[in-house]
Amino acid sequence: MKTLMALALVMMSAASAAAQPKAPLSALEFLAGEWEAIGTAPGESGRFGFAFAVQGRVLVRTNDAEYAASDRGPASRHDDLMVIYAEGGAIKADYFDNEDHIIRYTAQVRGAKDVVFVSDARASEPRYRLSYSIGADGLLKGQFEIAPPGVPDAFKSYLAWTSRKRP
């Protein structure tokens with residue numbers, strides 16, 4: 001009898017676990033890992049990684065890009081951090097960089113391997129859009145766009161890149 005009760009409890013626990021909703025960030029699992037920019041201009045390089053933290057409740061992106069000195073300016077490095085999380089049924093992200101930018105995004109998952117982060121529209125500020133999509137070739141394409149103040153949907157590409165997962 002005790003064995004049957006124990007078996008019933010195990011089966012109920014398994015059924016309960018199967019009925020649990022998927023983690024809110026599971027749609028972003030395709031981003032996890034270390035990535036390296038390919039096809040960059042001479043003297044430019046970039047690396048970024050996405051790692052789950054806090055038992056899968058947060059996805060953290062770290063990024064760095066290096067630019068050699070050129071006729072456009074001295075050598076420089078850009079570092080940023082983005083923390084992605086679920087809040088109130090939406091996927092949100094907070095972005096911080098070494099240039100003192102702070103951007104708050106809401107994510108729109110558009111497919112199994114496609115997500116767009118869009119900042120809120122504010123009349124006196126630019127609006128930002130950051131997109132990631134993986135193609136059939138396994139390459140991750142990214143694009144960062146900016147819309148000028150007062151024209152929140154007039155996005156223009158500021159930066160685009162292609163990257164491959166590092167082994």
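Couple of notes before you dig in:
- Each peptide among 126-138, 88-100 gets the average number of other Cβ atoms lying within 10 Å of its residues, and from highest to lowest they stand as 126-138, 88-100.
- Candidates LEU140, ALA37, ALA86 compared by Cα position along the dipole of the chain: farthest toward the positive end lies ALA86, with charges placed on Cβ.
- GNM result for the chain, Cα springs below 10 Å: residue of LEU59, LEU31, LEU139 fluctuating most strongly: LEU139
- Nearest-ten-degree value, helix 2-19 long axis tilted from longest Cα axis of the chain: 30 degrees
- Judged by the ratio a/c of the largest to the smallest principal axis of the C-alpha gyration tensor, the stretch 22-165 counts as oblate, that ratio being 1.5 or greater while a/b is no larger than b/c.
- Dipole magnitude of the stretch 22-165 about its Cα centre (Cβ charges: Lys, Arg +1; Asp, Glu -1), debye to nearest 20: 500 debye
- Förster radius 25 Å - calculated FRET efficiency between ASP153 and ARG104 (Cβ-Cβ, nearest 0.05): 0.90
Bear in mind that the values in this text are calculations on the coordinates, not laboratory data. Keep in mind it's a predicted model, so treat the numbers as computed, not measured. When we count neighbours, we look across all protein chains shown, and the Cβ atoms used for this are built from the backbone with ideal geometry, even at glycine.
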